[in-house]
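A single structure is presented below for examination.
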Amino acid sequence: MVSPALVDPTTVRATAAEAWLRGYPILRNYRALYTQALDDADPAYVGGFGVFRHHLPPAALDATAAADRAVDRDTPASSAWLDLRAEHWVVSVPAEGGYYVLPVHELDTVYAGFVGARATGPEAGDHLVAGPDWQGEPPPGVRSVIRTATRLVGIVARTELAGPEPADVAAMETVRRQYRLRPLHEYEGAPAPPPAPDPVWPVWRDEVTDTVEFLAFLDFLLGFFPLPSPRRAGAVPLPSAELDLRGRLTDLGIDGRGEFEPAALPLDVRAEIEHGIADARARLERESAARPDASGLAGTREQTGADYLRQALGARLAPYGLPAEEAWYGTWTADSEGHRPPDASDRDYTIRFGPGGFPPARFSWSAALYELPDRRPVDNTLDRYAIGGATPGLVRDQDGGLTLYVQHKRPANAEHSANWLPAPDGPFTVVLRLHGPEAPALDGRWQLPPLTPR
C-alpha cells in the first residue's frame, strides 16, 4: 500500500532515484552471490555458502575470458560467501610472510573489515565474522571480530603470487589451501543451531536493473540488511540518511519483507518511479564517463557513509576493489604529450622510476597493461601482463633507477627487452598497484611518473 504522503509525484520520483542508486551495489552484489553461491549450474558457482573457490593463477588464465577483465594477476582471487542468519563464522589464516588480504564485504559491497598482512599481521589466527544479530563475547582463541550490518557477506581474498614460475604458483596455492571457513558451532565443538529458513531466492536477470522490478529485488534483499536495534549491543550504526531513506521506502511498500508488488502501484506512482529510475541511471552513466579511473571509491561504512553515488560507482567501475590503505591504484590514461588514451600502434613509450622514486609499497607493486576499450590483458610472446618489484631479470639504469619499455613490438636491445611491458597494436592503459601503500602514496607526495613517447 502506497502512503498518501508519497502521492506527490516529485517526492516519489526523488525517492525512486535515491533508492535506485542506493540499491545498485546491493543488486550487483546479489548478481554475483546468485551465480556463485546459489545457482549450481552456473560456471561461476563456488559450492554454496561457506566454501572458498580459488581462482586460477595468472599463467592459466584465458586472456579472453570476461571474468579476467582488469584482473590483478599478482594477487589471484579466492571467493566465498557467508550466511550469518543462523550463526556466525570463523575465518582462519596461516602464518604468511607475503602479502594477502581477506576483505569481508557486506551486502551493499561496503567493507566490514579485513584479515590480512596489513590489518592483522603475518601471524596465523582465527577471526570471527559476526552478523547484526550477534551478542556476547568471542570464544577463546579468536584474535579479532568483524561486525557486519548485513546477514549475507562475501569475501574476495587476494594472495600474492611472487613470480610466474611453477614453484611460485605452488607456494601461493599452499597458502590459499590453508584459508579455512568454519561455522561458529564447529569452531567451538558445540551442537549445530537450527538452520535458518531457506528463502525463495529470486532468479537473477540482468534486465531487472532497468525496470520497477528493481525495487522488488531490493525489498527482498533489505530483509538481510536490518536497521540497527538499540537492544543489540555493538550493532553497526547506519547513517541518518539511511534511516530516512528506509522510512520513505516503507511508505512505498518496500520494507524488507519481500512482498512489494510493482503491479499493485497506482499508474501515476509507477510512472514517477520509472522516471526516478531513469534519472538515477542517467546520473550514474554521466558520473562513470567523467571519472578518469576508479580510485577512491571502495571503503568501510565509516569511510563511505551515505555517499550512495560513490558506492554505486564502485560497484559499476571496480566491483570489490580495495580501499586505498589496502591497495593504492594509479592509472596512466594519457601520455605526457596529452594523447588520451595512449596508443602503441604508431609510437613506443617509457615509464621511468628514478633512484629515489620507486613506488612506495610496504609489500609489493606492479604495473599491469590492458588493451582498450575492453580492458583485457594483451596476448604476447613473453606471456607477460605486468611488471613489478618482484619481476625477475629486470635491468636497472646506471643511476639505480628503473625504466620500463611500453610498446607493441619487442625491443631489439636486450636490456630494453628485459624491461618490456607488451602493449597492443592500438590504445591501452596501464594500472599501477601498490599493496600496502606507504604514506607518500596515500598523502600525494609520491606521484605517477609520466608515460613518455619516444
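Laboratory data are not the source of any read-out in this text; all were calculated from the coordinates shown. These figures come from a predicted structure and were not determined experimentally. A quick note on method: Cβ atoms are made from the backbone with ideal geometry, for glycine too, and the neighbour counts reach across all protein chains shown.
Determine ³J(HN,Hα), in whole Hz, for all residues of segment 39-56 in sequence, where each value follows from phi through the Karplus function 6.51 cos²θ - 1.76 cosθ + 1.60 and θ = phi - 60°; x replaces Gly and Pro.
Once rounded to whole Hz, the list reads 9, 6, 8, 7, x, 7, 4, 9, x, x, 7, x, 9, 8, 10, 8, 6, 4.
Taking 30 Å as R0, compute the FRET efficiency from the Cβ-Cβ separation of Leu227 and Asp40 and round it to 0.05.
For R0 = 30 Å, the calculated efficiency reads 0.35.
Given the rule -39500 (n - 2.57) for each run of at least 4 DSSP H residues, summed and divided by the residues of the chain, what is its mean residue ellipticity at 222 nm, to the nearest 500 deg cm²/dmol?
When only DSSP H runs of four or more count, the value is -7000 deg cm²/dmol.
Same structure, new question: Only Lys, Arg, Asp and Glu count, each charged at its Cβ (+1, +1, -1, -1), so figure out the dipole size of the chain about its Cα centre, rounded to 20 debye.
The dipole magnitude comes to about 680 debye.
Then there's this: Starting from the Cα of Ala190, move 7 Å in the Cα-to-Cβ direction to define the label point; list residues of segment 133-171 whose amide nitrogen is under 14 Å from there.
134-142
Here's another thing I want to ask about it. Counting other C-beta atoms within 10 Å, which of Thr10, Thr75, Thr174 has the fewest, and how do the rest follow?
With the sparsest Cβ surroundings first, the list reads Thr10, Thr174, Thr75.
Here is a follow-up. May I ask for the distance between the Cα centers of segment 244-285 and segment 358-403, given as a whole number of Å?
With segment 244-285 and segment 358-403 each reduced to a Cα centre, they are spaced 47 Å.
Please list, in chain and number order, the residues 5+ apart from Val153 or on another chain whose amide H is under 5 Å from its amide H, with Hs placed from the backbone.
Placed amide hydrogens put Leu82, Leu84 under 5 Å from Val153.
At a 10 Å Cβ-Cβ cut-off, how would you order Arg316, Arg291, fewest neighbours first?
Ascending number of Cβ neighbours within 10 Å: Arg291, Arg316.
Scan [x] 0.92; [y] 0.98; [z] 1.05 for the value of Cα Rg over 2.2 N^0.38 Å calculated from this model and give just the label.
[z]
Something else now. Need one number: nm distance between label points at Gln178 and Arg445, each 7 Å from Cα along Cα→Cβ, rounded to one decimal.
Computed distance between label sites Gln178 and Arg445 equals 3.5 nm.
Right, here's the next one. Using every pair of alpha-carbon atoms in segment 325-453, split the distances into 5 Å bins beginning at 0 and state the percent of pairs per bin, rounded to integers.
Values per bin, smallest distances first: 2, 11, 21, 25, 21, 14, 5, 1.
For segment 337-352, what does the Karplus curve 6.51 cos²θ - 1.76 cosθ + 1.60, with θ = phi - 60°, yield as ³J(HN,Hα) per residue in whole Hz, taken in order and with x for Gly and Pro?
Coupling constants for segment 337-352: 9, x, 5, 10, x, x, 9, 9, 6, 9, 7, 9, 9, 10, 10, 10 Hz.
A follow-up question, please. Pull up all non-local amide H partners of Val115: gap of 5 or more, or a different chain, and H-to-H distance under 5 Å with H placed in the peptide plane.
Leu102, Val104
Using the Karplus equation 6.51 cos²θ - 1.76 cosθ + 1.60 (θ = phi - 60°), what ³J(HN,Hα) coupling, rounded to whole Hz, does each residue of segment 141-150 give in order, writing x for Gly and Pro?
Per residue, the Karplus-derived 3J(HN,Hα) values read x, 7, 7, 7, 10, 9, 8, 10, 8, 10 Hz.
How high is the FRET efficiency from Glu302 to Arg257, r the C-beta distance, R0 25 Å, rounded to 0.05?
According to the calculation, E is roughly 0.30.
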